[in-house]
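Participant: I have a structure here, written as structure tokens, and I will follow up with some questions on it.
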Amino acid sequence: MVLALNVFALLLAIITTTGLLLYRDWRYSLGFLAAQYLVVFWLCQAHWPISMAAVKLVTGWMVCAALGITQLSNSSPTEAEENSWPQGRLFRLFSAGLALVVTFALSNSASSWLGLSVPAAWAGLILIGMGLLHLGITAQPFRVILGLLTVLSGFEILYAAVEGSVLVAALLAAVNLGLALVGAYFLYANPLEEP
């Protein structure tokens, strides 16, 4: 039963990270990010007490709320088109497939190194890989913050098996909230700087 739920969490991680990469509407992106924090909660609770794993979920949803309120308060929340090459959904989908294949190849060895189940190791590596891919193909502040939060989510899944300290969980939660606040600042300040 637990393995089936871990596989479901893995599939949800694949769907959310691919959705973050493909959809450009900020509402969909925040919905995918909120679902991604549900995956982090489920995979962290296998190694931590449920109260410590719930911190990840609550913090993640607070991050989504802060970014959503900032996007709502912006005078022009619509995002400009990327000027970099290559662009388009087909390229991003091909890149996501490539990241999935690479992370699958690394998941067996990572699961044996860290003592994780294969779905949990693969989900953590997927989040890290897709977050780095997201960071590599965008320059918009909102997309960069989403990429950083995705990388950090994958790290939290992998690190939960290694360290079970309450202080580390609190520091990672503070880093998530700090990224959200910095992202909110850049989202708010960015339209003011344009002529």
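Participant: Among [x] 17.3; [y] 16.9; [z] 18.2, which one is Kirkwood radius over Cα pairs in Å computed from these coordinates?
Facilitator: Label [y] holds the value from this structure.
Participant: So, one more: When only Cα pairs under 8 Å and 6 or more residues apart are kept, what is the percent relative contact order across the chain?
Facilitator: Answer for the chain is 27 percent.
Participant: Residue by residue through region 44-51, what is 3J(HN,Hα) from phi via Karplus (6.51 cos²θ - 1.76 cosθ + 1.60, θ = phi - 60°)? Round to whole Hz and write x for glycine and proline.
Facilitator: 7, 6, 6, 10, 10, x, 4, 5
Participant: If you keep only loop residues by DSSP, which GluC sites (Glu not before Pro) in region 90-195 have at most 15 other Cβ atoms within 10 Å of their Cβ?
Facilitator: Glu163
Participant: What size of dipole, in debye to the nearest 20, comes out for the chain about its Cα centre when the only charges are +1 on Lys and Arg C-beta atoms and -1 on Asp and Glu C-beta atoms?
Facilitator: Using only the charged Cβ atoms, the result is roughly 320 debye.
Participant: Could you go through region 92-100 in sequence order and give the Karplus-derived ³J(HN,Hα) for each residue, using 6.51 cos²θ - 1.76 cosθ + 1.60 with θ = phi - 60°, rounded to whole Hz, and x for Gly and Pro?
Facilitator: Each residue's phi maps through the Karplus curve to give 5, 5, 5, 5, 5, x, 5, 5, 5 Hz.
Readers should treat all values here as calculations from the given coordinates under stated rules, not as data from a laboratory. It should be emphasised that the depicted structure is a prediction, and the values quoted were computed from it without experimental measurement. Neighbour counts are summed over all protein chains in view; Cβ atoms, including those assigned to glycine, are modelled from backbone coordinates with ideal geometry.
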